[in-house]
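Asks: Quick one: this structure, given as structure tokens, is what I'll be asking you about.
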Amino acid sequence: MLPGAAVAQLTDPGFEQGGAGWVLACPELTWIAPSTAPQGGSMAMALQATSTDYPYCPPVDPQGGWTPAPNFYQPLPQVVAGDVVRFKFLARLEEGVPQPSGSAILPYAITVDAEGDMHFPVTDLTLGGGNPLATWESFPGQVTVPELSAGHVFAIGFGAHTFGGGNGVVHFDNVAVLVEGSGARLNAKAWLDGAFVPGTNLMRDDLRVAGLIPTTLPTYTNAMMGPNAPAGTGISIEPAVLTVAGNNAIVDWVWVELHFGTPGFTNASSGFETVAKRYALIQRDGDIVDLDGSSSVPLPIKAGNCRVVVRHKNHLGVMSAEPLGLNATATLFDARAASTPLFALAAPHTGPARKTVGSTRTLWAGDAWTLNAPHGVLYTGQGNDRDAILIAIGGNTPTHVVAGYHRADINLNGEVKYTGENNDRDILLQTIGGSTPTEVRVEQVP
């Protein structure tokens with residue numbers, strides 16, 4: 001019988017839950033094993049890939065289409081005919097004795113009937129092998145789902161075998177799918193440290209009260225929002241959205257991003273990529289909502305396994321540590337909660353992704369001028385954010401104050417100040433640690 005938990009995104013794509021949602025067509029050849037995946041937790045799916053074994057388990061398809069058949073698969077019951085399904089995964093070969101001369105990694109697009117029997121592949125997705133995969137490599141695939149027979153569901157499956165009579169174990173990890181289209185939704189939450197009021201679980205909405213939040217974003221948003229921001233063409237909100245007061249009052253614009261694949265792999269077709277960016281609004285209570293000011297955020301995919309990033313024009317973004325299952329039921333990503341795991345860069349750029357404020361967490365404030373990579377907050381040196389504040393106020397008179405909607409307004413109070421009470425410069429020092437002005441707070445998003 002088919003597992004009931006899977007929908008249009010994978011359950012347990014990294015095998016950290018013991019393979020929940022996956023069907024082992026060859027349980028004697030496939031098992032969960034410790035993993036050395038670069039960004040994949042601690043477990044992987046291991047497949048005994050021996051050239052003399054693969055024709056026998058499972059039996060080849062009656063139509064003669066499989067050599068070998070998938071060894072493990074997962075159904076995606078909500079995928080329908082016409083859907084474009086993309087997937088990425090990692091694989092590597094652990095050589096045995098005798099040593100194989102090569103290996104083949106075989107993803108499949110199949111259908112599964114109500115009894116759990118596999119049927120002829122939808123299309124040939126075979127990825128050629130050759131030399132053994134001594135280290136992890138990332139592989140892509142894509143298929144357009146055809147008409148499905150009555151009672152059949154679409155599934156993604158995997159197999160592997162070796163060449164030359166050798167033995168080996170092929171490890172699979174970090175499997176992710178993405179169904180193109182629309183309909184997935186996100187329930188994201190965050191605190192912007194510049195506007196956060198400790199002890200209240202609320203942010204100030206000074207920009208809204210002063211009438212400074214733009215209702216329409218310019219086509220070119222780099223100066224206003226930063227180089228990572230989506231293009232602003234046609235992005236606008238109704239003025240009535242900014243009349244709401246109280247806990248649901250709008251604090252500012254933000255945006256969310258969907259990242260697909262495994263960080264650290266940069267190949268153009270199979271590597272880590274940003275597949276979507278979308279503007280949203282953030283309320284005083286931390287809710288990130290659609291442009292109507294109240295709904296969960298619609299995403300430009302039907303479903304999938306993607307890492308979620310939350311960004312703001314002058315705060316450092318954060319990214320979920322692992323892919324989140326996204327579908328029509330809004331998925332929660334609460335960047336305020338200390339218990340929410342977030343991605344961390346490798347040394348020397350590692351560091352806390354968020355600021356600790358009591359029992360909650362806020363996004364680091366201060367990214368007023370992004371000239372260097374990786375992105376971060378700098379007080380001194382080339383591309384530092386202190387200079388951005390000076391430039392915003394005119395550059396010559398540090399006591400000057402400029403009112404308006406500016407990226408250099410770090411505390412989001414509607415004014416850019418270099419000195420004096422509630423100035424923006426002091427926040428930079430707090431963000432980098434306060435004692436060593438040459439320190440850098442690096443954004444923990446690849």
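Laboratory data are not the source of any read-out in this text; all were calculated from the coordinates shown. Because the structure is predicted, anything quoted here is derived from the model rather than measured. With ideal geometry, Cβ positions are generated from the backbone for all residues, glycine too; neighbour counts draw on all protein chains shown.
Asks: Would you mind classifying the range 175-228 by shape? Square roots of the alpha carbon gyration tensor eigenvalues, ordered a ≥ b ≥ c; an a/c under 1.5 is rounded, otherwise it is prolate if a/b is larger than b/c and oblate if not.
Replies: Here the range 175-228 falls in the oblate category.
Asks: If you don't mind, there's one more thing I want to ask. Based on the Cβ-Cβ distance from residue 113 to residue 33, what FRET efficiency comes out when R0 is 35 Å, to the nearest 0.05?
Replies: The computed FRET efficiency comes out at 0.70.
Asks: Quick one, which of (1) -0.76, -0.88, -1.27; (2) -0.22, -0.31, -1.07; (3) -0.42, -0.53, -1.29 is the actual log10 I(q)/I(0) by the Debye sum over Cα atoms at q = 0.05, 0.06, 0.13 Å⁻¹ calculated for this model?
Replies: (2)
Asks: By how many nm would the segment from residue 295 to residue 42 grow when fully extended, if each residue of separation counts as 0.36 nm and the alpha-carbon distance is taken off?
Replies: This chain segment gains 87.4 nm when fully extended.
Asks: Can you compute the helix-only [θ] at 222 nm over the chain? Use -39500 (n - 2.57) per DSSP H run of at least 4 residues, normalise by all residues, nearest 500 deg cm²/dmol.
Replies: Calculated from helices alone, the mean residue ellipticity at 222 nm is -1500 deg cm²/dmol.
Asks: Fully extended, how many nm does the chain gain between residue 332 and residue 402 (0.36 nm per residue separation, minus their Cα-Cα distance)?
Replies: The residue 332-residue 402 span can extend by a further 21.4 nm.
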